[in-house]
1. May I ask you to list pairs of residues, at least six apart or on different chains, whose Cβ atoms are under 6 Å apart, with the first in segment 410-426 being touching a residue at least 24 places away in the same chain (Cβ under 8 Å) and buried (at least 24 other Cβ atoms within 10 Å of the Cβ) and the second being charged (D, E, K, R) and not in a loop (DSSP other than H, G, I, E, B)?
2. Might you let me know whether segment 305-321 holds any residue that is over 22 Å from Leu440 (Cα atoms), touching a Cys at 6+ places or on another chain (Cβ under 7 Å) and surrounded by fewer than 21 Cβ atoms within 10 Å (Cβ to Cβ)?
3. Kindly provide the set of residues from segment 392-443 that are farther than 30 Å from Pro360 by Cβ, out of contact with any strand residue (DSSP E or B) (no Cβ under 7 Å at 6 or more places or on another chain) and among the β-branched types (Val, Ile, Thr), ordered by number.
4. Considering only segment 448-459, state which residues are among the small types (Gly, Ala, Ser) and at pLDDT below 95.
5. Kindly indicate whether Ala284 is assigned by TED's automatic domain parsing to the domain that holds Leu440 and surrounded by fewer than 19 Cβ atoms within 10 Å (Cβ to Cβ).
6. Mind telling me which of the residues Gly87, Gly109, Gly48 ends up being within 16 Å of Leu193 (Cα to Cα), of a type in the set (Gly, Ala, Ser) and either outside the structural domain of His328 (by TED's automatic domain parsing) or touching a Ser or Thr at 6+ places or on another chain (Cβ under 7 Å) (or both)?
7. Looking only at residues in segment 486-511 that are over 21 Å from the mean Cα position of the chain (by Cα) and assigned to a helix (DSSP H, G or I), which one is surrounded by the fewest Cβ atoms within 10 Å (Cβ to Cβ)?
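The values are calculated or read from the model by the stated rules, or taken from the named source; none is laboratory data. All values derive from a computational prediction rather than experimental measurement. With ideal geometry, Cβ positions are generated from the backbone for all residues, glycine too; neighbour counts draw on all protein chains shown.
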Amino acid sequence: MVNLGTGCPDLPTWIDLTRADSRATVDAPTRERVRRSRAVVEKAIEDGATVYGVNTGFGKLANLSIDAARLADLQRNLIVSHATGVGSPLPYEVARLALALRIHAVARGSSGVREQLVDHMLAVFNAGLAPVIPAQGSVGASGDLAPLAHMALPMIGLGEMWTADGRRVPGAEALRIAGTEPIVLAAKEGLALINGTQIMTAGGLVTLHRALQCSKAADIACAMTIEALRASVRPMLPAVHEVRPHPTQQQTAANIRALLADSEILQSHVGCSKVQDAYSMRCAPQVHGASKRAIEHARDVLLIEASSVTDNPLVFADGDVVSAGNFHGQPVSQALDFLAIGTATLANISERRTENLVNPDISGLPAFLAAEPGLESGFMIAQVTAAALASENKTLAHPASVDTVPTSANREDHVSMGVTAARHAAKVVSNTVSVLSVELCAAARGLDLGESLRPGRGVEAAYRAIRAVVPPHDGDRELHVDLAAAGRTIRDGDLVAAVESAIGPLAHGQPAS
């Protein structure tokens with residue numbers, strides 16, 4: 001049970017809230033903050049004050065006052081008119097996390113909503129439901145208006161929701177599953193539901209979690225390739241990285257040293273004639289380290305954003321109501337662009353290591369790792385797939401955050417494109433998982449083709465984790481099955497877990513020891 005509306009949950013807690021069986025609550029001090037904030041709204045209405053979003057129109061229509069008798073209509077109209085999203089629905093886990101983030105935001109006590117609305121949203125969340133939210137339609141300011149409107153529709157008995165068992169049901173039916181009725185939104189509540197950054201943040205947090213797995217998997221894949229190609233561990237020596245002490249560069253070198261520890265394979269090649277290895281191995285600490293830093297920056301930004309109040313106007317318990325710009329998604333958009341760039345770089349360098357594995361002019365191994373080159377093609381086209389995905393990532397990594405388009409009759413004249421950044425980052429990470437799966441399978445095959453010597457302890461654990469789902473390559477077969485299985489070990493965390501159980505945690509984001 002996660003207590004929302006207070007504190008700053010960590011990434012594992014947010015990821016736990018994507019699950020159908022996760023549950024949330026709000027505590028008594030949080031409820032008191034919500035009541036105090038709501039009292040400010042009620043007093044403003046009672047005093048006849050004109051307050052944006054409470055008794056005015058929205059955006060360019062903010063100068064139009066709304067009669068007190070029609071404030072409930074105003075809020076309902078806001079939700080239905082703004083639900084203009086298009087495209088495929090967001091994944092269940094992202095939609096569910098967006099709902100949890102929105103509950104957390106309005107329960108922080110600066111949104112002016114009723115305690116009743118918080119309880120209504122909790123009932124829906126705790127029934128394992130998730131709103132059906134089209135993925136496209138937000139420019140990232142004034143927040144994620146269109147997708148958040150779709151999230152709000154079921155709260156008033158409209159729209160659609162996913163059930164815990166994967167059914168797509170009308171909003172009214174979903175409320176019956178949750179044991180509640182459609183809520184009639186009071187003044188300010190419609191705006192409080194849709195003015196914010198929860199869609200881009202939810203997508204970003206899920207992608208961040210996967211990018212962290214990718215980053216560690218990249219170190220593992222690199223170490224496996226170093227073993228398979230009988231490359232040198234000397235570029236990983238601590239002294240090399242002490243004279244260029246970027247922490248994440250040092251972490252990567254330490255990770256690879258740990259993965260290669262006690263390797264009989266590398267020890268047997270200490271005196272070989274090879275002078276230097278390709279950059280994709282020799283420079284892995286520098287490249288992977290830069291990617292780690294990008295991912296860490298995204299984590300820093302997203303965890304702050306996840307516990308922020310991002311609607312407008314803000315309603316403070318001291319009676320002040322401030323129309324400002326916390327809904328603007330630029331911090332999230334830029335961070336997710338940076339994450340996409342960093343993760344795309346992991347795919348680029350992984351694809352180059354795969355080329356080293358399959359190219360007999362470089363590897364010293366059979367061409368394309370085939371058992372009978374010529375009769376068989378081995379990993380020839382698997383490398384082509386990796387190249388295709390790495391190349392696609394280069395277009396997806398073009399920053400969305402540098403774009404802007406004026407909306408709402410030029411009132412909203414600078415926007416963040418944050419949801420676009422989140423969608424692109426998610427696809428980059430998905431592609432990178434597939435690129436790494438190619439390298440993992442190829443490196444495992446390269447190990448099979450070498451001497452009967454034991455690899456490093458971490459590499460051996462990784463090899464066993466891959467071989468648990470991918471049988472040894474004894475001739476051409478449908479490699480897409482193998483690649484999908486290897487990809488699942490990255491996405492599900494099984495690969496990293498297997499390695500860390502053997503050698504201890506891989507560093508990511510903490511100073512290297």
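1. From segment 410-426, the pairs are Ala421/Asp337.
2. Within segment 305-321, one or more residues are over 22 Å from Leu440 (Cα atoms), touching a Cys at 6+ places or on another chain (Cβ under 7 Å) and surrounded by fewer than 21 Cβ atoms within 10 Å (Cβ to Cβ).
3. Those that are farther than 30 Å from Pro360 by Cβ, out of contact with any strand residue (DSSP E or B) (no Cβ under 7 Å at 6 or more places or on another chain) and among the β-branched types (Val, Ile, Thr): Thr395, Val402, Thr404, Val405, Thr407, Val419, Thr420, Val428, Val429.
4. Selection gives Gly450, Ser452.
5. No: the conditions fail for Ala284.
6. Testing whether each residue is within 16 Å of Leu193 (Cα to Cα), of a type in the set (Gly, Ala, Ser) and either outside the structural domain of His328 (by TED's automatic domain parsing) or touching a Ser or Thr at 6+ places or on another chain (Cβ under 7 Å) (or both) leaves just Gly109.
7. Ser501
Here is a yes/no grid of residues against (1) in contact (Cβ under 8 Å) with a residue 24 or more places away in the chain; (2) on the phi > 0 side of the Ramachandran plot; (3) part of a helix (DSSP H, G or I); (4) of a type in the set (A, V, I, L, M, F, W, C):
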| position | (1), (2), (3), (4) |
| --- | --- |
| Leu212 | yes, no, yes, yes |
| Lys216 | yes, no, yes, no |
| Thr225 | yes, no, yes, no |
| His241 | yes, no, yes, no |
| Gln250 | yes, no, yes, no |
| Arg257 | yes, no, yes, no |
| Ile265 | yes, no, yes, yes |
| Val270 | no, no, no, yes |
